[in-house]
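What follows is a single structure, written as structure tokens, with notes after it.
The values are calculated or read from the model by the stated rules, or taken from the named source; none is laboratory data. Quick caveat: nothing in here was measured; it's all calculated off a predicted structure. Reconstructed Cβ throughout: ideal geometry from the backbone, glycine too, with neighbour counts over all protein chains shown.
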Amino acid sequence: MSLFDSLEKDEELYSILEKETERQRCSLELIASENFTSRAVLEANGTIFTNKYSEGYPSKRYYGGNEYIDELENLCKKRALEAFQLDPNVWDVNVQSYSGSTANFSVYTALLQPNDRLMGLDLPAGGHLTHGYYTANKKISNSSIYFQSLPYKVGDDFLIDYDGLERDAKSFKPKLIIVGASAYCRDYDYERFREIANINKSYLMADIAHTSGLVSAGLLRSPFEYCDVVTTTTHKTLRGPRSGLIFVNKKKEGGGLVSKINEAVFPGLQGGPHNHQIAAVAYQLEQVSKPEFVDYMKNVKSNAVILGESLKGYGFNLVTGGTDNHIVLVDLKSKELTGSKMELLCEMVDISLNKNCIYGDKNAMVPSGIRLGTPAMTSRGFGEKEFKMLAFFLKEIADIGMEIQNKYGKLLNDFKKGLENDQEIKGKLEDIKNGVNNIAIGFPFYTF
Ligand SMILES: *Cc1c(COP(=O)(O)O)cnc(C)c1O
């Protein structure tokens with residue numbers, strides 16, 4: 001039985017759904033922020049909880065009929081604290097954020113006044129847009145438009161420049177320091193962040209959107225000991241539906257932080273909670289507390305090491321030489337290929353990955369690396385053998401990229417012309433694509 005029987009009559013929509021299902025089933029998903037959630041999460045996300053308005057919080061709603069919605073939200077909160085082994089006397093959690101970015105913006109408006117100062121990791125160094133990103137020409141993220149932002153960076157070793165952060169924080173005096181990233185493959189020295197925050201009386205927030213699954217499984221350091229607030233998405237390593245969580249330390253400001261955060265989420269930024277989403281998050285957080293999920297996370301981590309080491313064996317350079325988490329950052333300069341060309345070639349053979357800036361890139365529009373992640377394919381059942389094969393595919397693809405450049409030149413237009421017109425190269429890519437598709441369909445996808 002399909003989850004989507006009643007959709008079939010809408011042929012236009014259904015055909016798009018079918019095409020996307022086939023795309024996901026047949027391709028190799030290496031985008032580090034993506035995952036394959038379970039059928040149970042899809043079902044929970046499709047429940048009648050979506051019908052209910054419940055502005056407010058459990059027992060304090062602006063609408064009637066919320067007896068069971070209160071139960072649902074309280075269950076989700078309890079499971080969120082359990083998933084991260086948090087003492088309910090010390091931590092509270094808001095489960096209403098629609099996603100990671102809105103969770104972050106809610107925290108900023110809770111802790112800061114307009115034009116107050118914050119510091120986050122620079123986007124080209126691996127930070128997230130919502131951590132205050134702006135360019136020389138334009139303030140890009142609302143977190144840099146409505147607040148004053150000064151980024152900290154990584155050093156020549158591609159690790160966070162804690163000394164630089166300490167120096168700049170002393171003069172900039174941020175009210176908030178954010179730790180966390182989207183393209184950083186090493187763990188954080190939360191204690192050092194706390195020291196720097198204390199010197200300047202700054203709040204410290206961790207955004208563990210990418211790594212929360214690994215944190216919950218105890219495979220990365222925990223930010224909770226040091227931070228005032230911790231945010232995360234629920235759809236990356238946590239493998240749940242798309243949503244956001246905000247954990248708040250109850251001991252800070254005599255418990256005052258909790259009401260500040262809650263008011264910032266509603267009525268500050270959002271309206272009615274997405275209760276179907278909260279149901280799906282609640283389901284997944286129960287799974288996260290189980291030993292099977294810890295095993296999954298261990299596999300994600302060991303697969304990232306295997307993928308990285310195999311790539312090194314083929315002459316690829318890894319940023320920082322390896323990884324502590326689920327992300328492998330590859331610097332393609334040694335292969336004289338750009339991230340954009342590699343992404344384009346991989347897309348042609350049904351491998352999804354992201355081009356990625358390598359810190360120090362002269363032109364952010366020509367990123368010289370790629371970001372790979374193991375959570376999604378590990379969910380499909382990939383292990384050591386398959387990730388080694390994946391590394392081999394990536395090597396073959398990079399070789400083809402270099403061959404095209406040698407024959408047709410490095411300019412993207414010449415490169416694309418070569419790609420379109422060279423039958424031999426087209427044949428090679430076609431062979432790889434067939435290999436990719438054959439492997440992918442051999443691993444379980446949803447059995448609709
Ligand atoms: C993905 C991500 C977010 C944003 O999450 P969305 O759900 O896409 O809004 C925020 N912070 C970090 C570090 C992320 O990686």
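The residue that is surrounded by the most Cβ atoms within 10 Å (Cβ to Cβ), counting only those in region 343-377 that are among the hydroxyl-bearing types (Ser, Thr, Tyr) and touching an Asp or Glu at 6+ places or on another chain (Cβ under 6 Å), is SER368.
Restricting the search to helices (runs of 4 or more DSSP H) fully inside region 1-116 and requiring at least 3 residues that are of a type in the set (Gly, Ala, Ser) and either over 20 Å from ILE246 (Cα atoms) or touching a strand residue (DSSP E or B) at 6+ places or on another chain (Cβ under 7 Å) (or both) gives 100-111. Tell me which residues, restricted to region 403-425, are assigned to a helix (DSSP H, G or I) and surrounded by 14 or more Cβ atoms within 10 Å (Cβ to Cβ). Residues satisfying the conditions are GLU403, ILE404, GLN405, TYR408, ASP414, PHE415, LYS416, LYS417, GLY418, LEU419, ILE425. Quick check on TYR53: is it away from the ligand (no atom under 16 Å from the Cβ) and touching a residue at least 60 places away in the same chain (Cβ under 8 Å)? Yes, satisfied.
Let's see how each residue does on (1) surrounded by fewer than 24 Cβ atoms within 10 Å (Cβ to Cβ); (2) under 19 Å from LYS290 (Cα atoms); (3) of a type in the set (Val, Ile, Thr):
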| residue | (1), (2), (3) |
| --- | --- |
| LYS201 | yes, no, no |
| GLU225 | yes, no, no |
| VAL230 | no, no, yes |
| LYS236 | no, yes, no |
| LYS260 | yes, no, no |
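Within region 180-194, the set of residues being within 21 Å of PHE247 (Cβ to Cβ) and more than 10 Å from the ligand (Cβ to nearest atom) comprises ASP187, TYR188, ASP189, TYR190, GLU191, ARG192, PHE193, ARG194.
Residues checked against (1) at pLDDT below 95; (2) buried (at least 24 other Cβ atoms within 10 Å of the Cβ); (3) not in a loop (DSSP other than H, G, I, E, B):
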{"residue": "PHE158", "(1), (2), (3)": "no, no, no"}
{"residue": "CYS185", "(1), (2), (3)": "no, yes, no"}
{"residue": "PHE193", "(1), (2), (3)": "no, yes, yes"}
{"residue": "ASN198", "(1), (2), (3)": "no, no, yes"}
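Tell me whether region 215-223 contains one or more residues that are in a loop (DSSP other than H, G, I, E, B), touching a residue at least 60 places away in the same chain (Cβ under 8 Å) and not aliphatic (A, V, I, L, M). There is at least one residue in region 215-223 that is in a loop (DSSP other than H, G, I, E, B), touching a residue at least 60 places away in the same chain (Cβ under 8 Å) and not aliphatic (A, V, I, L, M).
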